[in-house]
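Take a look at the structure set out below.
The values are calculated or read from the model by the stated rules, or taken from the named source; none is laboratory data. In this text, all values refer to a predicted model and were calculated from it rather than measured experimentally. We place every Cβ from the backbone using ideal geometry, glycine too, and count neighbours over all the protein chains shown. Protein only, heavy atoms only, side chains kept; ligands, DNA and RNA dropped before computing areas. Shrake-Rupley method; radii C 1.70, N 1.55, O 1.52, S 1.80 Å.
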Amino acid sequence: MKIFFHINNTPKSIEIDDGNTPLLWVVRDMLDLKGTKFGCGKAACGACTLHVDGEAVRSCSYAVKFAEGKEVTTIEGLGSEQNPHPVQQAWIEEIVPQCGYCQPGFMMATAALLEKVPNPTDEDIDKNIINVCRCATYYRMRKAIHRAAEIANVTNPAKTENDV
């Protein structure tokens, strides 16, 4: 089966035997993008979170056939070293990672949240960022999420108008 989609703004066409193969394995094993991590395999922990058409998706349980014609963004496509996404910048400033394994999933979930809720409250964060961190860096992540909102609102002040 041939599947066409864009990944990190690059068109891709892949040939795969089983369209039910999790998108995670296509991203990691076929496209060699290793930033998206395997955690639980049950869509519970969020380590595998990436975006499909701007929505946060747990890629370990998202069949690749559903990516047909869509835009997939991984942590590698969120920003760059020269031009980090506000979430990546905030993670650096707040020194969030301890082991760092789950952090790409948290950053992707946060980026999706900030697209919908530009100035999230602690309650918004608690309801929407439900990934799991074994190192328990939740306090630093919360600070980083608020910092990312500040950075994003400075670089795109029009977003804050809808949040008032």
- Note on the structure: Checked segment 25-50 for anything more than 18 Å from residue 100 (Cα to Cα) and open to solvent by less than 20 Å² (accessible area, probe 1.4 Å); matches are 26, 27
- Restricting attention to segment 32-51, which residues are of a type in the set (Val, Ile, Thr) and either out of contact with any strand residue (DSSP E or B) (no Cβ under 7 Å at 6 or more places or on another chain) or in a loop (DSSP other than H, G, I, E, B) (or both)? 36
- Query: Pick from segment 8-24 the residues that are more than 19 Å from the chain's Cα centre (by Cα) and in contact (Cβ under 8 Å) with a residue 40 or more places away in the chain: which of them is surrounded by the most Cβ atoms within 10 Å (Cβ to Cβ)?
  - Reply: 21
